[in-house]
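The values are calculated or read from the model by the stated rules, or taken from the named source; none is laboratory data. Quantities reported herein were computed from a predicted structural model and do not represent experimental measurements. Neighbour counts run over all protein chains shown; Cβ positions are idealised from the backbone, glycine included. Quick note on the areas: whole protein, heavy atoms, side chains included, nothing else; ligands and nucleic acids left out. Shrake-Rupley method; radii C 1.70, N 1.55, O 1.52, S 1.80 Å.
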Amino acid sequence: MSAATTETNQASVAPGARRLRELFARPGAVRIAGAHNPLGARLAERAGFDGVWSSGLEVSASQGVPDTDILSMSELLAVASSLAGAVRVPVVADCDAGYGNAHNVMNMIRRYEAAGIAAVSIEDKRFPKVNSFIPGRQELAPVGEFCGKIAAAKAAQRTPDLMVIARIEALIAGWGMDEALRRGEAYAQAGADAVLIHAKGSSPEPILQFLAEWRLPTPVVVVPTTYHTITATELAEAGAKLVIYANHGLRAGITAVTDTFASILRDDRTTGVESSIAPLATVFDLQGMAAQKRHEAEFITPFESRARSVVVPGAADAPVEDAAALLDHQTSALRRSGIESVSLATSADAPARLPQDVA
Ligand code: SPV
Ligand code: MG
């Protein structure tokens, strides 16, 4: 999508679905940003991110509920699908723990694939999961059970495009590096297209250690939310392929809206915030208003004016310039002849007929 134009048309299969594998094949980090609605997805795309992360945390927060498997698969799918329809870059969907067992995962895969999602991520937590940064209960699923979900996901997909990311929560749950590596290898062998190693410390060290010890060709995904000082370039040099900035749009929005609302109430007017909030023109642009104007000129105005410029048989002989007067003249003549209803032909060659009651 060009930066200047936002199309309103939504493709039935999102164009980004095929792009993710191409991006993975290139050198360097693939960087994607979290979103919870099409507007956020477009902001990520316009900023230059390679793709969009349909974040469970963002979506649940935007609905005012905790990120603990409260929302259903259908609710999260509806959002992921709306993101995929709004951008050309790939959408990677956070699918929590897969919404149940391997049966649920297979159904999930077919639905997300049909929605044009490029990749799904499922994590090796027990249902219901708890967001990885919430202290307390972080229960892991048995390795075998989760491998079954990965194998089921790969068996269920109908196109070669969809990627299945297996997310390892061993470091989050405090099970240690050996367990994280053991799980990652098992998931890769079960067919995962990539593994996501998640961590919640402020140091990137555990992630760098995982990357150093990762021996398989399966690409590794990272989420540098808490260990944010490391750059994506450094992560890529250490062996990571996909870097997810999972929730920064949501958090930026919360701060900006909170400050703006406080300022308006404090000043009793909006003057103080006008220079720091987006102008309405930007809102219209992000909505796709430019495309709608083009479509209006192409599909609405010409057809409406064609319908208005009616041709009444005999009009060419009448020395009347005003179409309304001509119509009046003709219909009066028809009425005098006892005809109460007349069909007006369009000026187009195609003989569209517009029935019009002149009685
Ligand atoms: C999400 O964005 O919902 C994630 C990433 O799963 S995190 O919140 O970092 O666990
Ligand atoms: Mg999540």
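A few notes on this one:
- Normalised alpha carbon radius of gyration of segment 3-249 [divisor 2.2 N^0.38 Å]: 0.92
- Cα-based reach from K129 at 17 Å (exclusive), listing aspartates and glutamates while leaving out same-chain residues under 8 positions away: E58, D67, D69, E75, D94, D96, E139, E145, E169
- Orientation-averaged projection of segment 30-80 equals 3.4 nm² [convex hull of Cα atoms, one quarter of hull surface area].
- Relative contact order computed over segment 128-231 (Cα-Cα under 8 Å; 6+ residues apart), in percent: 25 percent
- Heavy-atom accessible area order for L242, L43, largest first, 1.4 Å probe: L43, L242
- Share of Cα-Cα pairs in segment 147-303 lying beyond 21 Å, as whole percent: 63 percent
- Against the rule of thumb 2.2 N^0.38 Å, how large the Cα Rg of segment 84-141 comes out: 1.27
- For L23, solvent-accessible area (1.4 Å; no DNA, RNA or ligand), Å²: 10 Å²
- Under a 5 Å amide H cut-off, with hydrogens placed 1.01 Å from N, L196 pairs with A166, R167, I168, V221 among residues at least 5 apart or on other chains.
- Modelled spin labels at F284 and R269, positioned 7 Å past Cα toward Cβ, are 2.5 nm from each other.
- Per the Debye calculation on segment 176-248 with a single equal scatterer at every Cα and no solvent contribution, log₁₀ I(q)/I(0) for q = 0.20, 0.21, 0.22, 0.28 Å⁻¹ amounts to -0.79, -0.87, -0.96, -1.45.
- For the set E213, E205, solvent exposure ranked by accessible area (probe 1.4 Å, protein chains only) runs largest to smallest as E205, E213.
- In a reduced charge model with +1 at each Lys and Arg Cβ and -1 at each Asp and Glu Cβ, segment 3-249 shows a dipole moment near 500 debye about its Cα centre.
- Sequence of K293, K241, K125 from largest to smallest accessible area, 1.4 Å probe: K293, K241, K125
- Overall dimensions of segment 255-298 as given by Cα atoms, namely Rg and Dmax in Å: 15.2, 47
- Amide H contacts for M163 (H built 1.01 Å from N in the peptide plane; partners 5 or more residues away or on another chain; cut-off under 5 Å): A119, V120.
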